[in-house]
Amino acid sequence: MEARMKISQQELSLLKEYLSGAIIDTNGLPYLELSTEIGNGQIHCITMDKGLMAMEFDLTLRNDQEVTLDTSNNNCAYLFYCLKGNCFHKFRGREQVTKLEELQTVVLFNDSNHRSKFLFKKEERVVLNFIKIDFDTYKDDTIESGKGIVALLNSYNKRLGYFHYGKFNLEIGELIKQLENAKFVDSVSSLIHFHGLCHIILAKQLDQFKIDIQQGISPSTSLLKRELETISDISDFIRNYPEVPHSINSISSKSGLSPSKLQLGFKFMHAKTLGEYIRMVRLQKSEELIRTTDLNISQVVYSIGFTSRSYFCKIFKKKYGCSPKAYKKKTQETVPAFN
């Protein structure tokens, strides 16, 4: 743990050449707090085992600023995802500039002659995440979708620099949102949870990269970017308010999207219809209420928007393997008693 923390501190120290601030150590995990003279925000860096590093830039700057990614190891790949805002990329020594937009994925390689530069525009909040793979130490066959893909990445001539501009991908964005709380780890268990999320994101990024290379880059959905963002907002609304009597007509009216576009968006983002997604969210909330509150089953049913107790019990048993009543009894029995 100490060795990994030292590597993270070194990475953050390199960034201080471009972004002044203070490196703060919280619960053994360092981050760079930007100086108010240049703007506000933080850069988090967590070094993991097996040649993986995760970093997040969350910043709003007073002036335009270039940041160069410095690395002593040229045998690396970077998988970027722009969650909020826009920024620009160019290789040092080249003229071409590429804009990274919200929800955009990017795979790139650096070398000593083609280091990556990122330009952050003033007064625009940017949340930019990336996972760095060190091929010399990365050996993880436990990720099924990652098998053989590292070999694919390694096949490119990284001495020339390489930049793959990927598709818009909301699924990766939803996973990265889960890192917002997980990155503030304060225990071994939460650190393991953070590592697990990073591995899932890595697998999704590599999976998309493989498909892009095999099939060529083409839009993964006919929806526009602003429509995808609306689907993301509606997904958050359903998760936050599962008890609301959602229907495709009410959500269509709320979002301004047609029912067909809603279904297309939810299929693309969650691999579920709108109705299936609502049912999944309500079941997850019901499991939490049964496990953590004193509400009886009928109270749970109606507090999350179901109108039929028998229907709820049927789909709950299908998902969790027993009736809601039996599930509540089982979870209560596992809670230790205190005198």
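The figures follow:
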| read-out | value |
| --- | --- |
| Spin-label pair Ser260/Arg239, simplified geometry with 7 Å Cα→Cβ offset, distance in nm | 3.0 |
| Spread of Cα-to-Cα distances over 5 Å intervals beginning at zero, given as percent, for the range 1-101 | 2, 11, 21, 24, 22, 14, 6, 1, 0 |
| Filter on Lys50/Lys318; Lys254/Lys318; Lys261/Lys319; Lys177/Lys319 - keep pairs with C-alpha separation over 30 Å | Lys50/Lys318; Lys254/Lys318 |
| 13 Å beta-carbon shell around Gln65, net charge (K/R +1, D/E -1) | -1 |
| Partner lysines for Lys122 [C-alpha distance under 19 Å; skip if fewer than 8 residues away on the same chain] | Lys16, Lys84, Lys90, Lys99 |
| Ordering of 245-256, 296-307 by burial proxy (mean other Cβ atoms within 10 Å per residue, highest first) | 296-307, 245-256 |
| At q = 0.15, 0.22 Å⁻¹, base-10 log of I(q)/I(0) for the range 225-333 (Debye sum, equal scatterers on each alpha carbon) | -0.65, -1.11 |
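The numbers here are math on the coordinates, done by the rules we state, and not lab data. Please read all numbers here as calculations on a predicted model, not as lab measurements. A quick note on method: Cβ atoms are made from the backbone with ideal geometry, for glycine too, and the neighbour counts reach across all protein chains shown.
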